[in-house]
Amino acid sequence: MNNKIRNFIYGRYGIDDLYKLLLIICFILLVINMFLNNNIIRIIELLLIFIILYRSLSKNISRRKKENDKYLNIKNRIIKSFNYNKKKYEERNTHMYKKCPNCKQKIRLPLKKGKHTVKCPNCSYKFEVKCRKDEKIKVEIVK
Ligand SMILES: [Zn+2]
């Protein structure tokens, strides 16, 4: 019996981050549907469970890895964008954020009253920036 299970599991993909996300979504839908009792949500739940089982028992490991990498890429981009906007908001009284018109590099500039010429630290392109507050000007690349 134990050998049968071991043989069945051997070479299968298993659990990854996308698996966990789908499981969380499925659980949330399950809780929501306890109150709504909606058939469309029930179908989505079943579909998610099917995808979860299919992915974790799949023997096409490279393909499942690619799916998971895509998901992690999107997740990282969202987290990065969130952190960037959070920082931008927290520093709204001391710094401003501009994009280099040439290479689209995000640049962090302290607020300094007046018009200034900024040299992009990434591509050395020079462009004009208008500020409304007084402070020393210093150019920084934002990653
Ligand atoms: Zn640039």
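Any read-out appearing in this document is the output of simple, stated calculations on the displayed coordinates, not a laboratory observation. Computed from a predicted model, the values in this text were never measured in an experiment. Ideal geometry is used to build each Cβ from the backbone, glycine not excepted, and the neighbour counts take in all protein chains shown.
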Problem set entry | For the chain, alpha-carbon Rg over 2.2 N^0.38 Å | 1.71
Problem set entry | Spatial separation of Cα centroids for region 1-19 and region 47-108, in angstrom | 29 Å
Exercise. Amide H to amide H, which residues 5 or more places from V142 or on other chains are under 5 Å from it, using H placed in the peptide plane?
Worked result: K106, I107, R108
For this session: Would you please name the trypsin sites (Lys or Arg not before Pro) within region 58-94 that are DSSP coil residues with at most 15 other C-beta atoms within 10 Å of their C-beta?
Result: K59, R92
For this session: Please name whichever of F27, N2, Y84 sits farthest to the positive end of the charge dipole of the chain, dipole taken about the Cα centre and charges placed at Cβ: Lys and Arg +1, Asp and Glu -1.
Result: Y84
Problem set entry | Pairwise label distance in nanometres, R92 with L21, each label 7 Å out on the Cα-Cβ vector | 2.9 nm
Exercise. When only Cα pairs under 8 Å and 6 or more residues apart are kept, what is the percent relative contact order across region 10-69?
Worked result: 58 percent
For this session: Per residue of region 52-59, in order, report the coupling 6.51 cos²θ - 1.76 cosθ + 1.60 (Karplus, θ = phi - 60°) as ³J(HN,Hα) in whole Hz, putting x for Gly and Pro.
Result: 4, 5, 4, 5, 6, 9, 5, 9
For this session: Compute all pairwise cysteine Cβ distances in the chain, then list the cysteines with no distance under 4.7 Å to another cysteine.
Result: C26, C131
